[in-house]
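Chemist: Before I ask anything, here is the structure I am working with.
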Amino acid sequence: MQIFAFYLFASVVLASGAMCIFSRNPVHSVLWLILAFFNAAGLMVLVGAEFIAALLVIVYVGAVAVLFLFVVMMLDIDFAELRAGFMKHLPLGLLLALVLVVEIIFGVGAWQSSGMGQATAAVGIPEGAPSNIEQLGALLYTKYVFLFEAAGMILLVAMVGAIVLTHRTRSGVRKQNVANQVARRPEDATRNTQPEVGKGVEL
Amino acid sequence: MTEFLQSSFLGAEFGWLVATLALILLIALPLMLAVAMIIYVDRKIWAAMALRRGPNVVGPFGLLQSFADGLKVFLQETIIPSSANKGLFLLAPIITFTVALLAWAVIPFGEDMVLANINIGLLYILAISSLGVYGVVIAGWASNSKYPFFSAMRAAAQMISYEVSIGFILISVVLFAGTFNLTEIVLSQEGHIFGMVNAYGMNPLLFPMAVVFLIASMAETARHPFDLTEAESELVAGYQTEYSSMSFALFWLGEYANILLMCALNVILFWGGWLPPLDVDWIPWFDIPGIIWLFGKMFFFFFIFSWVMATVPRYRYDQLMRLGWKIFLPLSLLWVVLVSGYVMIDKFGLPL
């Protein structure tokens, strides 16, 4: 059952990753990317990291990819122009791909030669161990608390920076003051008059 | 049932598969029936508040109205606009419907009545509800039409905005309960205040969050007064404009299944799930099956949803965004700090 699920998720991840690159329509690309994220989350569940899987779906599928989709849908893309740029950027792309492959080979080699792979595979997750979330929390908020806080600060600075960069105060805009609107009463806004016949009302 | 089937001739693995499939059907089919009936209830409540009769022709008291509507929709022609992106156009309602059903896997109907009793139940719910936006966005884009596209943009922005504050609200509940498991969250509410009340919502610290969650769940399901995605005065029928027949019906079913899910979440997180309201013995509360309590409370919250739909005028789009980002987000963030401080003092005493 697990083997079947693993091959299902893994093959869908690979296939949708490939389709993400090869599909002509950028919106389709984003949708394939989302499928890849989703199946990667499935793989995480299989190795017992259900918290990471949930985070992957919530953060990447639920928020980041929605924004991607949002932006890509609004773009007006000229496909001919896109394809013309393909040959120009091909050498750089191939170089990047090569670097990535070499890195993966080194990574896997280091993992196997150090025996980490066998060690963790043999242990597995013991029955009745504290859940993922508890273990991650126990590590993050004790041993790595300063790194964790630093990461949080960096994100905060990035967020403030993004707002500062994009914020501009526009002149000539009449903004509504909601508190004023709520505080407005009929007595302030209306007035009863009884004009005489043939006379108007002074506004 | 799982043990029984596993010990029968089917064997452990196959028996588990059959049992799980049966349990899924046991949840999904009554859910569909409940959706059909709740649409009828919705229309009846709405009619009563407008001093109308509501559906009263098909079947006794019009009870079969939803089924008649379903049959009508089923017999209609499926129209696919010629400039639409066909695959995605047909995929979108399927996504909406499937996602609306997925979340029910972790909803506990009783102490042991849950399909998947997983540790990260609440995170699972968050993850699934964040998927719901895709059905709408894809539908809007694939229709290749103005109004559905506007509606999809609105839906994406709205759901993301309100999900943030919903996340913070859930965190404050999780801090109190000490677990992400929905069953344990309900159990931790038993005898919450001086061993009396079975609800986090009655806790003065969590009551504001219960209210905010109720409103945010209306916004999250794009229900009145936040139904800007299908505001008929501006966007015809929103993302459903180009849809007809079964693909339209799937949107409809998914929408109401989501509303029921949000009612269930309100009940489970804040109002004691399947537990009776008070944790006292002199009233025979506990003799009533828990599932009846759960459904009763869910119905109450659905009534509130309908009530709001019948009485509150629709928000403007900037008001919606203001409420989400400028009021709910700071409020729920503040409450996470307050609640974590309270839990800290409760567990470890004042840091003196």
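Chemist: In the list B:Ile138, B:Ile120, which residue meets the criterion of being facing chain A (nearest Cβ under 8 Å) and either under 23 Å from B:Leu235 (Cα atoms) or among the charged types (D, E, K, R) (or both)?
Modeler: Only one candidate passes the filter, namely B:Ile138.
Chemist: Here is a follow-up. Taking the condition among the aliphatic types (A, V, I, L, M), modelled with pLDDT under 80 and surrounded by 19 or more Cβ atoms within 10 Å (Cβ to Cβ), does B:Leu320 pass?
Modeler: Answer is no for this residue.
Chemist: Only one of B:Trp335, B:Trp274, B:Trp307, B:Trp282 is under 15 Å from B:Ser165 (Cβ atoms) and either not basic (Lys, Arg) or not in a helix (DSSP H, G or I) (or both). Can you tell me which?
Modeler: B:Trp335
Chemist: Which of (1) under 23 Å from the mean Cα position of the chain (by Cα); (2) of a type in the set (Ser, Thr, Tyr); (3) assigned to a loop (DSSP other than H, G, I, E, B) does B:Ser66 not meet, given it meets every other one?
Modeler: (3)
Chemist: Given the criterion in contact (Cβ under 8 Å) with a residue 40 or more places away in the chain, among the small types (Gly, Ala, Ser), facing chain A (nearest Cβ under 9 Å) and assigned to a helix (DSSP H, G or I), identify the matching residue among B:Ser161, B:Ser129.
Modeler: B:Ser129
Chemist: Checking B:Asn144 against (1) within 8 Å of another protein chain (Cβ to nearest Cβ); (2) outside any helix (DSSP H, G or I), which single condition isn't satisfied?
Modeler: Condition not satisfied by B:Asn144: (1).
Chemist: Could you grab the pairs with beta carbons closer than 8 Å, sequence gap of 6+ or different chains, first residue in segment B:245-260 and more than 17 Å from B:Ser306 (Cβ to Cβ), second one outside any helix (DSSP H, G or I) and aromatic (Phe, Trp, Tyr)?
Modeler: From segment B:245-260, the pairs are B:Phe251/B:Tyr243.
Chemist: Also, quick follow-up: If you scan segment A:29-50, which residues turn out to be within 9 Å of chain B (Cβ to nearest Cβ) and at pLDDT below 85?
Modeler: A:Glu50
Chemist: Scan (1) aliphatic (A, V, I, L, M); (2) surrounded by fewer than 24 Cβ atoms within 10 Å (Cβ to Cβ); (3) more than 11 Å from chain A (Cβ to nearest Cβ); (4) assigned to a helix (DSSP H, G or I) for the single condition B:Met153 breaks and write down its number.
Modeler: (3)
Chemist: Can you tell me which of B:Ser306, B:Ser332 is of a type outside the set (Val, Ile, Thr), surrounded by 21 or more Cβ atoms within 10 Å (Cβ to Cβ) and under 23 Å from B:Ala177 (Cβ atoms)?
Modeler: Exactly one residue qualifies, and that residue is B:Ser332.
Chemist: Exactly one condition in (1) more than 13 Å from the chain's Cα centre (by Cα); (2) surrounded by 20 or more Cβ atoms within 10 Å (Cβ to Cβ); (3) under 18 Å from A:Ala54 (Cβ atoms) is not met by B:Asn117; state its number.
Modeler: (2)
Chemist: Here's another thing I want to ask about it. Between B:Leu323, B:Leu269, which is within 14 Å of chain A (Cβ to nearest Cβ) and part of a helix (DSSP H, G or I)?
Modeler: Just one listed residue meets the conditions, B:Leu323.
Chemist: Return the residues of segment B:231-246 that are surrounded by fewer than 24 Cβ atoms within 10 Å (Cβ to Cβ) and within 24 Å of B:Ile94 (Cβ to Cβ); say none if nothing qualifies.
Modeler: B:Leu235, B:Val236, B:Ala237, B:Thr241, B:Glu242, B:Ser244, B:Ser245, B:Met246, listed by residue number.
Chemist: Yes or no: segment A:12-26 includes at least one residue that is within 11 Å of chain B (Cβ to nearest Cβ), out of contact with any strand residue (DSSP E or B) (no Cβ under 7 Å at 6 or more places or on another chain) and surrounded by 12 or more Cβ atoms within 10 Å (Cβ to Cβ).
Modeler: yes
Chemist: Could you say whether any residue in segment B:165-173 is more than 9 Å from every other protein chain (Cβ to nearest Cβ), assigned to a helix (DSSP H, G or I), of a type in the set (A, V, I, L, M, F, W, C) and under 20 Å from B:Ser83 (Cα atoms)?
Modeler: Checked against the condition, which is being more than 9 Å from every other protein chain (Cβ to nearest Cβ), assigned to a helix (DSSP H, G or I), of a type in the set (A, V, I, L, M, F, W, C) and under 20 Å from B:Ser83 (Cα atoms), segment B:165-173 yields no hits at all.
Chemist: Restricting attention to segment B:79-114, which residues are over 21 Å from B:Gly296 (Cβ atoms), more than 14 Å from chain A (Cβ to nearest Cβ), touching a helix residue (DSSP H, G or I) at 6+ places or on another chain (Cβ under 9 Å) and not in a helix (DSSP H, G or I)?
Modeler: The answer is B:Ile79, B:Ile80, B:Pro81.
Chemist: Then there is this: Of the residues B:Leu31, B:Leu21, which single one is farther than 22 Å from B:Leu63 by Cα, modelled with pLDDT of 85 or more and under 23 Å from the mean Cα position of the chain (by Cα)?
Modeler: Of the residues listed, the single one that is farther than 22 Å from B:Leu63 by Cα, modelled with pLDDT of 85 or more and under 23 Å from the mean Cα position of the chain (by Cα) is B:Leu21.
Chemist: Pairs please, first residue from segment B:196-208 and at negative phi, second anywhere and among the β-branched types (Val, Ile, Thr) and part of a helix (DSSP H, G or I), Cβ atoms under 8 Å, 6+ apart in sequence or on different chains.
Modeler: If the second residue must be among the β-branched types (Val, Ile, Thr) and part of a helix (DSSP H, G or I), the pairs left are B:Tyr200/B:Val173; B:Leu205/B:Val339; B:Leu206/B:Val173; B:Leu206/B:Val339.
Chemist: Next up: Restricting the search to segment B:196-246, which residues are assigned to a helix (DSSP H, G or I), of a type in the set (S, T, N, Q) and more than 15 Å from B:Ala155 (Cβ to Cβ)?
Modeler: B:Ser217, B:Ser233, B:Ser245
Chemist: Now, a different point. Going by the conditions given, is A:Phe70 assigned to a helix (DSSP H, G or I), within 10 Å of another protein chain (Cβ to nearest Cβ), out of contact with any Leu (no Cβ under 9 Å at 6 or more places or on another chain) and over 30 Å from B:Ala12 (Cα atoms)?
Modeler: Judged against the criteria, A:Phe70 is a match.
Chemist: Can I ask one more? Does B:Phe168 satisfy being closer than 23 Å to A:Ala54 by Cα, in contact with a helix residue (DSSP H, G or I) (Cβ under 6 Å, 6 or more places away or on another chain), among the aromatic types (Phe, Trp, Tyr) and touching a residue at least 40 places away in the same chain (Cβ under 8 Å)?
Modeler: yes
Chemist: Moving to a separate point now. Out of all the residues in segment B:310-319, is one or more within 30 Å of B:Glu190 (Cα to Cα) and part of a helix (DSSP H, G or I)?
Modeler: No, segment B:310-319 contains no residue that is within 30 Å of B:Glu190 (Cα to Cα) and part of a helix (DSSP H, G or I).
The values are calculated or read from the model by the stated rules, or taken from the named source; none is laboratory data. Predicted model only: the values in this text are computed from it and were never measured. Ideal geometry is used to build each Cβ from the backbone, glycine not excepted, and the neighbour counts take in all protein chains shown.
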